[in-house]
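The values are calculated or read from the model by the stated rules, or taken from the named source; none is laboratory data. Predicted model only: the values in this text are computed from it and were never measured. With ideal geometry, Cβ positions are generated from the backbone for all residues, glycine too; neighbour counts draw on all protein chains shown.
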Number of protein chains: 2
Amino acid sequence: MQLYSFFNSSTSYRVRIALALKGLPFDYVPVNIRAGEQREAGYVARVNPSAAVPALVDGDFSLGQSLAIIDYLDARHPVPRLLPQDAAARARVLELSSVIACDIHPVNNMRVLRYLQDVLGVTPAQKDAWYRHWIDDGLAMVERLLQSHGHGDWCFGDAPTLADCCLVPQIANAQRMGCDTSAHERAMRVYTHAIAHPAFQAAEPRRQPDHTA
Amino acid sequence: MQLYSFFNSSTSYRVRIALALKGLPFDYVPVNIRAGEQREAGYVARVNPSAAVPALVDGDFSLGQSLAIIDYLDARHPVPRLLPQDAAARARVLELSSVIACDIHPVNNMRVLRYLQDVLGVTPAQKDAWYRHWIDDGLAMVERLLQSHGHGDWCFGDAPTLADCCLVPQIANAQRMGCDTSAHERAMRVYTHAIAHPAFQAAEPRRQPDHTA
């Protein structure tokens, strides 16, 4: 398998964690999204019609979107399972993952921040306030969900799931942007537990071949 | 079951389609998100810690996030199935659904448009241009995915899936906001086919009990 990835992309980071948890070998293919490589015609035509990272290529099957990729990996390589089979447990994992993947990450990703800056001409202070607003609001939702339904050392139970694959990159991103995440106690307890795990460490941005300062 | 819904919320609309396709009866509980009812303490504490619609209550189990809810309904009431069981077919459905749920909808939802207007003070013309930019960009991705992988009368095959539950509300929303969606030929062919289906009609905003002009 090949993973098209950018070291600092938090959606790529989610998939790298999943691959590492499952112990699956893959070729890392860097796509520099800062330079717009994800929009190059060859990449869009051959790898990912949605012009984004990550993309997984498995033989002649290529697939975009981090949550779809992790679900696919879970179907093809079910040990360890990242999506529970019990309907209610699975729903909790998907609910928290969706809060991060739909409510937090998209409003703060690079293309949105660039539009704010380049098209709407917002100041750096306004851009930072935008970023922090959605992080604070979104992590408060995550924290309430974990306070209501979380259990064990991980988001939901004694083993990592898709929810942890989403939570860790989001908190790492928030910290990189200077947000104070300490108020979200249960989320931070899971985060601290997760980043000590070898699979989560192997997936860190600074350990990827395309990492730059 | 109870569905907490707002007539004009496109994430609520997705779940209403799924419930109608499965023929499941439910009580409609309106939550006026224009008036901020989704943030009221009782709703957040008892129904949905993530302070949003939709939320599904099934006995003593309550769940937020439209994609998690539809996955849960598929597990509990698998006929008709909205998520294929074959790994590759399922991946295609989740990929397209994620483009809509993660890349298009979140940047144009009400809370983001309000922030642009109330905090950043953008003009109505700038707000419209923002909306159209993400719709044009996002529907172009959807169209490329459908051109590459779509088949049959629906997004993927001869029966509706989660992808159609996501596509129809997104296109209806874009049209309501005055976007020209005609260039996205395959997406519009699926849309036109879908809106003639009784389940999609039953889920339309104008047929909900809380509909207002």
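Against the list (1) surrounded by 21 or more Cβ atoms within 10 Å (Cβ to Cβ); (2) more than 9 Å from chain A (Cβ to nearest Cβ); (3) not charged (D, E, K, R), the condition B:LEU94 fails is (2). One residue stands out among those in the range A:16-31 that are in contact with a helix residue (DSSP H, G or I) (Cβ under 6 Å, 6 or more places away or on another chain) and touching a residue at least 60 places away in the same chain (Cβ under 8 Å): the one that is surrounded by the fewest Cβ atoms within 10 Å (Cβ to Cβ), which is A:ALA20.
Would you mind finding the one in B:VAL31, B:VAL119 that is within 10 Å of chain A (Cβ to nearest Cβ), over 27 Å from A:PHE61 (Cα atoms) and not polar (S, T, N, Q)?
Working: B:VAL31 fails: within 10 Å of chain A (Cβ to nearest Cβ).
Matching residue, one of B:VAL31, B:VAL119: B:VAL119.
Criterion applied to A:ILE135, A:ILE104 was being in the same structural domain as A:PRO169 (by TED's automatic domain parsing), in contact with a Gly (Cβ under 6 Å, 6 or more places away or on another chain) and at pLDDT 95 or above, and the one residue passing it is A:ILE104. Residues in the range A:176-188 that are surrounded by 14 or more Cβ atoms within 10 Å (Cβ to Cβ) and closer than 19 Å to A:ILE17 by Cβ: 3 in all.
Annotation note: of B:ALA45, B:ALA41, B:ALA18, B:ALA52, the sole residue that is in contact with a Cys (Cβ under 8 Å, 6 or more places away or on another chain) and aliphatic (A, V, I, L, M) is B:ALA18.
Would you please name the residue that is nearest to A:CYS166 (Cα to Cα), looking only at residues in the range A:54-73 that are part of a helix (DSSP H, G or I) and more than 9 Å from every other protein chain (Cβ to nearest Cβ)? So the residue we want is A:ILE70. Looking across the range A:75-91 at every residue that is touching a strand residue (DSSP E or B) at 6+ places or on another chain (Cβ under 8 Å) and at the interface with chain B (Cβ under 8 Å from one of its Cβ atoms), the one that is nearest to B:ILE70 (Cα to Cα) is identified as A:ALA91. Can you name every residue in the range A:75-97 that is touching a residue at least 12 places away in the same chain (Cβ under 8 Å) and part of a helix (DSSP H, G or I)? Once the filter is applied, which keeps residues that are touching a residue at least 12 places away in the same chain (Cβ under 8 Å) and part of a helix (DSSP H, G or I), the range A:75-97 yields A:ARG76, A:ALA89, A:ARG92, A:VAL93, A:LEU94, A:GLU95, A:LEU96, A:SER97. Checked against the criterion of being closer than 16 Å to A:ARG207 by Cα and of a type in the set (A, V, I, L, M), the range A:26-38 has at least one qualifying residue. There is no residue in the range A:32-54 that is of a type in the set (S, T, N, Q), buried (at least 24 other Cβ atoms within 10 Å of the Cβ), at pLDDT 95 or above and touching a Pro at 6+ places or on another chain (Cβ under 6 Å). In this structure, is B:ALA172 modelled with pLDDT of 95 or more and in contact with a Lys or Arg (Cβ under 9 Å, 6 or more places away or on another chain)? Criteria not met by B:ALA172. Would you check if there is a residue in the range A:45-53 being within 23 Å of A:GLN175 (Cα to Cα), within 13 Å of the chain's Cα centre (by Cα) and not in a helix (DSSP H, G or I)? Yes, because at least one residue in the range A:45-53 is within 23 Å of A:GLN175 (Cα to Cα), within 13 Å of the chain's Cα centre (by Cα) and not in a helix (DSSP H, G or I). The set of residues in the range A:149-190 that are in a helix (DSSP H, G or I), over 21 Å from A:SER66 (Cβ atoms), touching a residue at least 24 places away in the same chain (Cβ under 8 Å) and hydrophobic (A, V, I, L, M, F, W, C) is empty.
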